Amino acid sequence: MLQRIILSIIVIASGCGAAWGQSAQQVVDKVLRSYNSSNGITATFSVATAQGTSTGTIDMVGQKFRILSKDMKCWFDGKTQWAYSSMTGEVNITTPTAAEVSQSNPYAIISSLSKQCTLTMKSTATQYIVTFKPKKKGQITQAVVTIGKKNHQVQKAVISTGDRQSYTTTISNYTTQRNFAASTFVFNKKLVPAGTEVVDLR
């Protein structure tokens, strides 16, 4: 769940140079085009929940991504996923199903938002505040995204879920045109504690 939320907000952020006077669908199309042309994105994120705050970085291009934080590290190379959790102290290797990939794939997330949500917007002197409201009941009940007018970048996103949880994601910075090496999205044992058990669940 956290992985999907982080990805969705980063991809929204990558396309927020769009003019918000356009229709919602035009904005979503702009997000997808912007992501397609980004040639790789790196962003710093902070996700706050009732349980605490997690900070880290995400690298992403196409379907591939790498999330690095104190409590979680995850790599996906387009086929295989390696996920490390400090709670379990192990790395799990999986081959995600098409449904699981669609939940993590930034393109699918944004496409899903455009098809399944009603978008409304209000503005202040310095910010746009866009609300995504799902048309049908699901895991996410609402997403409120705050965008700075000056730089057209996402400043904050608050996502509410059906179990009455709230996730507040803050984007401190992101860069495009990263030109990642393929190895970026493959498990690197140097980034987890020495001796960490690797469990192959494929």
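Points to keep in mind about this one:
- Between the amide H of Val186 and any residue lying 5 or more places away or on another chain, no distance stays under 5 Å, with hydrogens modeled in the peptide plane.
- For the stretch 115-202, the solvent-accessible area works out to 67 Å² per residue, with a probe of 1.4 Å and every protein chain left in place.
- Phi angles across the stretch 58-63 convert, under the Karplus curve 6.51 cos²θ - 1.76 cosθ + 1.60 with θ = phi - 60°, into 3J(HN,Hα) values of 10, 10, 7, 8, x, 7 Hz, Gly and Pro given as x.
- Here the extension length gained between Gln51 and Asn188 equals 46.5 nm, from 0.36 nm per residue of separation less the Cα-Cα distance.
- Pairs with C-alpha atoms separated by more than 24 Å, drawn from the list Lys79/Lys136; Lys64/Lys189; Lys133/Lys156; Lys79/Lys156; Lys73/Lys156, are Lys79/Lys136; Lys79/Lys156.
- Residue-wise HN-Hα coupling along the stretch 173-182, computed from phi with Karplus coefficients 6.51, -1.76, 1.60 (Hz; x: Gly, Pro): 5, 8, 10, 10, 6, 7, 6, 5, 6, 4
- In sequence order, calculated HN-Hα J values of the stretch 82-93 (Karplus, 6.51, -1.76, 1.60; Hz; x Gly/Pro): 10, 10, 10, 10, 5, 5, 8, x, 9, 9, 9, 9
- Sites Gln165 and Asn39, calculated FRET efficiency, Cβ-Cβ separation with R0 25 Å, nearest 0.05: 0.15
The values are calculated or read from the model by the stated rules, or taken from the named source; none is laboratory data. Note that the structure is predicted; figures quoted are calculated from it, not measured. FYI the Cβ positions are ideal-geometry reconstructions off the backbone, even for glycines, and counts take in every protein chain you see. With ligands, DNA and RNA removed, areas are computed over all heavy atoms of the protein, side chains included. Shrake-Rupley method; radii C 1.70, N 1.55, O 1.52, S 1.80 Å.
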